[in-house]
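Single-structure report; data block below.
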Amino acid sequence: MASLFRAYGRGLGVLLLAIAALWILALIVVPLGAMIEQSLWWKDSKGDITLQIDRLYNDMATLQLDAAGETDAARKAGFEAQIAQKQALATELEAQETNPPKTYGLANFTRMSALHFYIFVRTIFYALMVTALALVVCYPMAYAVALASGPRKAIVLTVALIVPYAINELLRVYAWLMILDYRGVINGILAWLGMVDLDNRGWIPFLENPSAVFLAMIYTYVLFMVFPMVNTLETLDRNQIEAARDLGASSFRIHRRVIIPHAKPGIAVGCIMTFMLSAGSYSVPAIMTRGQGGDWFSQLVYRQFYESNNWNMGSAYAVSLLVVCTAFILIMMRLFGVGLRDIAK
Amino acid sequence: MRGKDVRLDQVSIRFGDSIAVQPLNLTIEAGEFFSILGPSGCGKTTILRTVSGFIEPTIGRVLIGGEDMAGKGPNERPTALIFQNLALFPLMSVAENVAFGLEARGVAKAERLKRAQELLELVALGGYGDKKPSDLSGGQRQRVAIARALAVEPSVLLLDEPLSALDLKLRQHMRAELRAIQKRVGITFIYITHDQGEALAMSDRVAVMSRGRLEQVAAPDTLYAEPATPFVATFVGEQNVIRGTLRRISNGAASVDTPLGPIEGREVGTPAIGAPVLVMVRPERMTLGATRDNSIPVTLKARHLEGPSVNLECVTGGQTLTVTLANGPAMRELPSDLVLGFGREDARVYAEGALAHG
Ligand SMILES: Nc1ncnc2c1ncn2[C@@H]1O[C@H](COP(=O)(O)OP(=O)(O)OP(=O)(O)O)[C@@H](O)[C@H]1O
Ligand SMILES: [Mg+2]
């Protein structure tokens, strides 16, 4: 900080710090803080509060009838006192109903149902699968692009990779939907070949299988896996590959000992990005499964917010996912022995 | 380890339309320290990569130890290449680098690390096995590269300007070191350089190349004393070049008419009578004072003291001639009008041809 002041002078230094602080505040602290705060409390509406109020009003109505039919002044006053008392209680309960007291605690996290927890674990597992598959698919691609000889080939490959990304993500997912649907492209071709019978619903239900979601996700997020890898692979001195070959190494050993170690930071970044995107993806599973193939956790979060209208629970779900993703980042960095500095590169 | 001979048989290499190496024949003896010398872009690396198997010759054959290498990849040839930039593996330790070739051959870990240690000791880096290449100096990295290449027990070691990245002092030290290592292991070294001093100092024989063509293959002494072409004559060492017309040849003795007067010399090749020729005289072959064969009066323009020797820059008829003389008291006070003399044997007469410098 002292060096900042020295380099830019006091006024500008303070300004720069203020901008940086604002940046961090606006992008990280505020949204995250709001989400975490939301997840840590719940409205303590004892479920039967409405019932109690209804009962009170019923009682009051009865009492009023009683009071109206009563001639004895003393007993009438007694009824009215009771009504007033119940009215006061009802008002209090009504106030609680419209603005229930907040209770802070971890219950939003611990109250997750067994089914939701299962979906949570399954989503993490699926996201790991997508990441692993994407890695397997993308590594050869990245290698081909990065080491393509001649500028022309590299351009062609890059364009082939980027052009699909000029199309909106939703459109791309819908395209896969059309390909894999019951009466989609693949089933159509199979029917044409006489291998399935569409008229008798003898199609292959691709969409009911989680792998349909995997496929669309890999397709959707390839670029995030490929680009970091291409970036690191491009910095590899090709002479190292040739030296390894010259020393008698097989292609497999060259990849394992020379190329992959060099590409590690890129692989780590690619895996982190793909994992985060797929673990948090809403549109892809929502569109691809259409409720047929089991929910992903992101869909549960969505429902907590917009269907159950329980923002506290929704926030808790979202925070849980965030924690897992953060853990994943740390594990990847540990596993690949890369620091933040390498990733930033 | 035993050296093997390398034979290039009518080898020619093209990249698309451009010819990088013109058809050439070359035999490198087993156990020889052979250098390929030539200016940048003349095709040295291309030849080396052809021998190591990264490039297949467009035409012709490469034979190593008498065996045709057609269709054999770099990993199947008894060669090891040391790259222009060394290409050490930066993420592996020095010992792992050296052991890599053995690892690729499936040698057990303990065995290969033991072998790596022996090789590191051979190149005087015994205590550096655990370091990373980036922790070493340029000369040490150089030696790691050599140890790594030797680990696979190649019959032929190919070195692509391995000293070019080092500073002058280290380069001179490494020359001696390389030569000593070659003597110790006894395998064939093919050494590429564009530094003539390096080639002359280390090699048993040197091939001089220019524009994809072999100009001359000879021992360093022969190359210096009897260059076969104007290119070699001017590329290796210094020359005074005097243009003229060939008047007469008899018995290898050539008489040339030049703007500086008639010159008697030795013909090289067979220039035609009346054709333009180049007369080449090395600066150290000239003396002060007239001689029986050739005498050229000149004006002294500058004196450059080199220490043990003195270079005199003289002019005559618009041409500059340089004389290199042993330093001595006589060199302190020189008159401005001098006569340069040289023997018939010291003037070599070539048919007009390309020179190394312009
Ligand atoms: N892969 C290639 N494709 C096309 N042309 C090439 C290729 N490799 C080399 N060349 C050309 O072949 C010629 C010889 O190149 P080479 O690398 O053998 O030169 P060199 O003698 O090693 O030069 P330097 O001393 O600069 O390393 C050059 O004109 C070069 O441009
Ligand atoms: Mg070269």
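The values are calculated or read from the model by the stated rules, or taken from the named source; none is laboratory data. The structure displayed is predicted, hence computed values, not measured ones. Every residue, glycine among them, receives a Cβ derived from its backbone with ideal geometry; neighbour counts consider all protein chains shown. Heavy atoms of the whole protein, side chains included, go into the accessibility calculation; ligands, DNA and RNA do not. Shrake-Rupley method; radii C 1.70, N 1.55, O 1.52, S 1.80 Å.
Considering segment A:180-196, the residues that are within 19 Å of A:Y219 (Cβ to Cβ) and assigned to a loop (DSSP other than H, G, I, E, B) include one that is nearest to the chain's Cα centre (by Cα), namely A:D181.
In summary, helices (runs of 4 or more DSSP H) completely within segment A:44-118 and bearing 2 or more residues that are more than 30 Å from A:A318 (Cα to Cα) occur at A:49-69, A:73-98. Only one of the listed residues (A:S283, A:S278, A:S315) is in contact with a helix residue (DSSP H, G or I) (Cβ under 9 Å, 6 or more places away or on another chain), open to solvent by 10 Å² or more (accessible area, probe 1.4 Å) and touching a residue at least 60 places away in the same chain (Cβ under 8 Å). That residue is A:S283. Kindly provide the set of residues from segment A:2-44 that are in contact with a helix residue (DSSP H, G or I) (Cβ under 7 Å, 6 or more places away or on another chain) and within 30 Å of A:L89 (Cβ to Cβ), ordered by number. Residues satisfying the conditions are A:W41, A:W42. Test B:G3 against the criterion of being more than 14 Å from chain A (Cβ to nearest Cβ), within 16 Å of ligand 2 (Cβ to nearest atom), closer than 25 Å to B:A149 by Cα and surrounded by 21 or more Cβ atoms within 10 Å (Cβ to Cβ), and give yes or no. Spelling it out, it is not the case that B:G3 is more than 14 Å from chain A (Cβ to nearest Cβ), within 16 Å of ligand 2 (Cβ to nearest atom), closer than 25 Å to B:A149 by Cα and surrounded by 21 or more Cβ atoms within 10 Å (Cβ to Cβ).
If you go through segment A:245-254 and keep only what is crowded, with 19+ Cβ neighbours inside 10 Å and either free of Cβ contacts under 8 Å to residues at least 12 places away in the same chain or at the interface with chain B (Cβ under 7 Å from one of its Cβ atoms) (or both), you end up with A:R245, A:D246, A:L247, A:G248, A:A249. Considered as a group, the residues in segment B:29-38 that are among the aliphatic types (A, V, I, L, M) and outside any loop (DSSP other than H, G, I, E, B) include one that is nearest to the other protein chains (Cβ to nearest Cβ), and that residue is B:I36. A residue that is closer than 20 Å to B:A20 by Cα, in the same structural domain as B:P39 (by TED's automatic domain parsing) and more than 16 Å from ligand 2 (Cβ to nearest atom) occurs nowhere in segment B:170-177.
In segment B:30-41, the count of residues that are touching a Pro at 6+ places or on another chain (Cβ under 6 Å) and more than 11 Å from ligand 1 (Cβ to nearest atom) is zero.
Quick one: is B:N97 surrounded by fewer than 20 Cβ atoms within 10 Å (Cβ to Cβ) and within 12 Å of chain A (Cβ to nearest Cβ)? Against the criterion (surrounded by fewer than 20 Cβ atoms within 10 Å (Cβ to Cβ) and within 12 Å of chain A (Cβ to nearest Cβ)), B:N97 does not qualify.
Selection of segment B:72-83 for residues being more than 8 Å from every other protein chain (Cβ to nearest Cβ) and assigned to a loop (DSSP other than H, G, I, E, B) yields B:K72, B:R77, B:P78. The residue that is farthest from the other protein chains (Cβ to nearest Cβ), among those in segment B:39-64 that are open to solvent by 30 Å² or more (accessible area, probe 1.4 Å) and within 16 Å of ligand 2 (Cβ to nearest atom), is B:P39.
Assessment of segment B:196-212 against the conditions (more than 12 Å from the chain's Cα centre (by Cα), within 15 Å of ligand 1 (Cβ to nearest atom) and either closer than 18 Å to B:A351 by Cα or in the same structural domain as B:R266 (by TED's automatic domain parsing) (or both)) yields no matching residue.
Taken over segment B:232-265, the criterion of being more than 14 Å from B:E352 (Cβ to Cβ), within 29 Å of the chain's Cα centre (by Cα) and buried (at least 20 other Cβ atoms within 10 Å of the Cβ) is satisfied by B:V232, B:F235, B:V236, B:Q239, B:N240, B:G265.
If the condition is being open to solvent by 70 Å² or more (accessible area, probe 1.4 Å) and under 16 Å from A:K43 (Cα atoms), then segment A:93-136 contributes A:E97, A:T98, A:N99, A:K102, A:Y104, A:L106, A:T110, A:R111. The requirement of being closer than 23 Å to B:A165 by Cα, assigned to a strand (DSSP E or B) and assigned by TED's automatic domain parsing to the domain that holds B:P133 is not satisfied by B:I47.
Considering A:L335, A:L236, the condition of being in contact with a His (Cβ under 7 Å, 6 or more places away or on another chain) and either open to solvent by 60 Å² or more (accessible area, probe 1.4 Å) or within 14 Å of chain B (Cβ to nearest Cβ) (or both) is satisfied by A:L236 alone. Of the listed requirements (1) buried (at least 16 other Cβ atoms within 10 Å of the Cβ); (2) more than 14 Å from chain B (Cβ to nearest Cβ), A:L198 misses just one: (1).
Could you tell me which numbered condition A:V258 fails, if it satisfies all but one of (1) in contact (Cβ under 8 Å) with a residue 40 or more places away in the chain; (2) open to solvent by less than 50 Å² (accessible area, probe 1.4 Å)? Exception for A:V258: condition (1). Among all residues of segment B:175-191, there is at least one that is under 15 Å from B:L48 (Cβ atoms) and either surrounded by fewer than 23 Cβ atoms within 10 Å (Cβ to Cβ) or among the hydroxyl-bearing types (S, T, Y) (or both). One residue stands out among those in segment B:141-169 that are surrounded by fewer than 18 Cβ atoms within 10 Å (Cβ to Cβ) and assigned to a helix (DSSP H, G or I): the one that is farthest from ligand 2 (Cβ to nearest atom), which is B:K169. Among the residues making up segment B:100-145, those that are under 33 Å from the mean Cα position of the chain (by Cα), among the charged types (D, E, K, R) and within 14 Å of chain A (Cβ to nearest Cβ) are B:R115, B:K132, B:R141.
Segment B:277-358 holds strands (runs of 3 or more DSSP E) entirely within its bounds, and those carrying 2 or more residues that are open to solvent by 20 Å² or more (accessible area, probe 1.4 Å) and among the polar types (S, T, N, Q) map to B:294-305, B:309-316, B:319-326.
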